[in-house]
1. What average number of partner chain Cβ atoms lie no more than 10 Å from the Cβ of the residues making up A:102-113?
2. Let's test this: bin the Cα-Cα distances of the range A:115-155 at 10 Å from zero up to the farthest pair and state each bin's percent.
3. With no solvent and one point on each alpha carbon, what is the Debye value of log10 I(q)/I(0) for the range B:1-140 at q = 0.16 Å⁻¹?
4. Would you mind getting me the FRET efficiency between residue B:78 and residue B:138? Use the beta-carbon distance for r and R0 = 25 Å, nearest 0.05.
5. Nm distances between the label at residue B:78 and the same-position labels in the remaining copies, 7 Å along Cα→Cβ, shortest first?
6. Give the whole-number value, in cubic angstrom per residue, of the convex hull volume spanned by the C-alpha atoms of the range A:111-224.
7. Which chain B residue puts its Cβ closest to the axis that rotates B onto A, and at what distance in whole Å?
8. When Rg is the radius of gyration of the Cα atoms in the range A:1-53 and Rh is its Kirkwood radius, what does Rg/Rh come to?
DNA sequence: CGGTATCCCCCGCGATACTG
DNA sequence: CAGTATCGCGGGGGATACCG
């Protein structure tokens, strides 16, 4: 956190926020990641040492709170951090409006991870739901299990041991278009890029998840 | 502009915005700096090479427009850049709310520079106004001339050759408190930290300038 | 699992000089 | 004045290994 030597609210805030990985970390905290490894899961490529350093300086700046719970530590946005997260979301709104996705950024794991963080555990009709996603057109890992349960959600690259409630087969682009709210589930299936094998109750859930993204475009609204 | 390898609007935007100096550059463009050296003036410590690189990548990202005017180049925020500047301002609002100023960031030159950029050239009762600021309690440079004219505003550390219309004597903290809108001009004089020697019309102008800062707190409102 | 410690490399950044 | 070129250093950041 090198400073700019400027008295200027923008400069003072940028010292904290405009540093590599920091917006991602804030986003993950906003998504409810309360533990070191949870934050890491949603930031592939972020080294543990860097996360450690960032958490330290964010804590020092009063943006996050540390809560020692037994042997482990829980992190949470402070009131100031919650406001910073709002700025972060608005930055994201700008990104959704003006930036286009590069092929190399289309990571199915991350799309599912983000999805898993947006589904509130316990808001589901069953105590545990497992959906297997087959991602076509790419080398392994290309199977991911979305495991939703009352105790917390996960994305696994290995079979979690529970039987799947349903399966989705799609390419990465289709997955992201659905998650981004660009196409509804039904439209994605009609277009032929996506196939869903699941009981009706789960299909209904899946359709709803396509609109959780806060940046979801309107076009998919009204879909079944 | 290293990427994060994530499809996520926040990550995509952060690649552009959350890099050292970029928020400062966006701010200066927002303040109307249209030329390379103007941007540099408002960013002490920013190396020319870094500015050059940033302008290139911001242009590549569609955030700024370059206009070749004869032998020189003019920069301006694009529509996308104007929206990004709004996010930048909101980041600044967060900074104004949650960060406190460190002594080492209190740079009188920069406070006056920011002030000079917020006063619209041509909005003044005279074609040229020169105010000499004496900054107490610090080694030279401690005299700055604020030169406001219809063709553009400047801050000089050397006498510009024009006679001053008025003088202000204050320490850096007092200057910044006034500029930040924490204390009105009259209150600053009463408190004894600031002394103003100027005709009535200029005192009136000076009082108004203390409220130009978009982050000015309310306490000074209602001052003469 | 939840971090810290260590190491090393590379490149971002800052300084300076140079050109049209 | 508006940049580009070059260069060297520091440290941020990425990988890995290591404790509690």
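Each reported figure results from applying straightforward, stated rules to the coordinates on display, with no laboratory input. Fair warning: this is a prediction, and the values are worked out from it, not measured in the lab. Here the Cβ positions follow ideal geometry from the backbone for every residue, glycine too, while neighbour counts run over all protein chains shown.
1. Working: counts 4, 1, 3, 9, 3, 5, 1, 0, 6, 3, 0, 2.
Taking all residues of A:102-113 together, the mean is 3.
2. The distribution over the range A:115-155 is 30, 45, 20, 4, given as percents.
3. Calculated log10 I(q)/I(0) at the listed q: -1.00.
4. Details: r = 40 Å, r/R0 = 1.59.
Rounded to the nearest 0.05, the efficiency is 0.05.
5. 3.8
6. With only Cα atoms used, the range A:111-224 gives 94 Å³ per residue.
7. So the closest residue, with its distance, comes out as B:18, 2.
8. Taking Rh as the inverse mean 1/r over Cα pairs, Rg/Rh reads 1.05.
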